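See below for the structure under consideration.
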């Protein structure tokens, strides 16, 4: 997870003056989480009133007059504030302490300052506004989450942040010394801001007033500088240089005024080893995938590896979700679904997250697999796959259950199974300008048996029309049937009546004679209704091919 080193004066003063190291860590987590969720809240609010030109004033009013609540995983918070296996009550105690931190401010001449209540009582003249409040006005703890409110003033400050320095909390938590943590925070901000513009390996920070360093490290002013230097600055440098961080502290310089050290600055150098390590593991998903495939890590270790990721896309085309939705880890190391087409973020509950983790662990090839997906096609699939297109062609009914969709330049091709005949890979091409009409005509289900009966009736009618059209050939057809019956009867004489061959020929003769009687009655007595579809098909075949 990344946390924030905040330059805004109100929050910076609060952070330095009023909090213990544990409270600062919790506060930084709250700030970063709020920054992320505030974007989503703002987007939702903007969508609701997007037609209104008064959104800026609405948002201004919202930040001034409302308490905003943010949500964070209770388990993650305990891990990130480094409480380890300590009882749950320790976390509750910390959250209570966060709630009791006062946030009392005086605005005077356009400047906002944080003061203790006793100091405010001494400054009650010439002020523009006094605010008496708390950093965290309310905390709600549930089984899985902590829901917390931040002071509207803090939310306003977060909303106005245009940039901030990301600190890796996994590295941050490895510091044994809170003083080293604070120096690392301050120097990382300077290192990254100057590294953007300087190509030199060594970076010289600005001068820090010794008095400001005392405040940053929360050391009493009465402590002699030589002790401050030995026990705090040098120890912190030693602690920082032992770790694989973004930089190492080469040395620090001192500035004297009247034999007294008044300022200090640091010389930093980019940590090549850390840089090389990052290059080797530039795609952590590949490493995780290989470890899972090679059965080198357990499921618990796999979950732990995912929790260390941030701001990275894992895969798309997950089962049970729309295929174009991307599973990603956000900047708080939480799994979420992201729609790249409209930038919508879909939060996942604990059950969904656990199911997805199990699926990835059982299907490691999906880890890091972002497939190219045509969103237009996938949206058409959502509306059409599994539905039935019922249409008529040459009076006959066709019912095609759609199973796949392909896009061409001007047409969409739908592929499916024709349910009446059972024919697979039935292709239908629809022009794009007719697509909406086509989709609206689809049905979820249809009575296939009824449609089949209708087709049989249509088929018989067509065959009867064919019969009437070729009635001049009926007489010759009857003669061919008589001829065939005589041939079968002669063949039967060659076999014993109990033989299998005789039995089969007898069946064939019976069928042929039945057809012969039907056509004779239909032709000579004008009883066309006696002809069924099968008989008419035989006649059609005879007319077309000249054979029975």
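Read the figures in this text as sums done on the coordinates, not as results from a lab. Treat the numbers as computed from the prediction; the structure is a model and nothing was measured. Note that each Cβ is placed from the backbone with ideal geometry, even for glycine, and that neighbours are counted across all protein chains shown.
Based on the mean of other beta carbon atoms within 10 Å per residue, what is the order of 491-504, 356-369, 85-98, most packed first?
Numbers: 491-504: 11.5, 356-369: 16.8, 85-98: 13.8.
Listed from highest to lowest mean packing, they are 356-369, 85-98, 491-504.
Taking the mean number of other Cβ atoms within 10 Å as a proxy for protection, how do you rank 235-241, 341-347 from highest to lowest? Walk me through the intermediate numbers first.
Details: 235-241: 17.6, 341-347: 11.4.
Averaged packing, sorted descending, gives the order 235-241, 341-347.
Grab the beta carbon distance between residue 472 and residue 341, set R0 = 56 Å, and tell me the FRET efficiency rounded to 0.05.
Values: r = 66 Å, r/R0 = 1.18.
According to the calculation, E is roughly 0.25.
Quick check: residue separation of residue 460 and residue 86 times 0.36 nm, minus the Cα distance between them. What number comes out in nm? All intermediate terms of the calculation are to be shown ahead of the outcome.
On the way: separation 374, 0.36 × 374 = 134.64 nm, distance 8.37 nm.
Net length gain for the segment: 126.3 nm.
Report D for segment 293-394 in µm² per second (integer): Stokes-Einstein, Kirkwood Rh on Cα pairs, 4 °C, 1.567 mPa s.
Values: Rh = 15.3 Å.
D, rounded to a whole number, is 85 µm²/s.
Could you give the length gained by full extension between residue 517 and residue 241, i.e. 0.36 nm per residue of separation minus their alpha carbon distance, to one decimal place? Mind showing how you got there, number by number?
Details: separation 276, 0.36 × 276 = 99.36 nm, distance 10.68 nm.
That works out to 88.7 nm of additional length.
What percentages make up the Cα-Cα pair-distance distribution of segment 375-446 when the bins are 10 Å wide from 0?
With a bin width of 10 Å, the distribution comes to 21, 57, 21, 1.
Which whole-number percent of Cα pairs in segment 220-353 have a distance greater than 17 Å? Numbers along the way, then the final one.
Details: 6532 of 8911 pairs.
For segment 220-353, the fraction of Cα-Cα distances above 17 Å is 73 percent.
Which whole number of Å³ per residue matches the convex hull of the alpha-carbon atoms in segment 455-545? Each step should come with its number before you reach the end.
On the way: hull volume 9.7 nm³, N = 91.
Once divided by residue count, the hull of segment 455-545 is 107 Å³.
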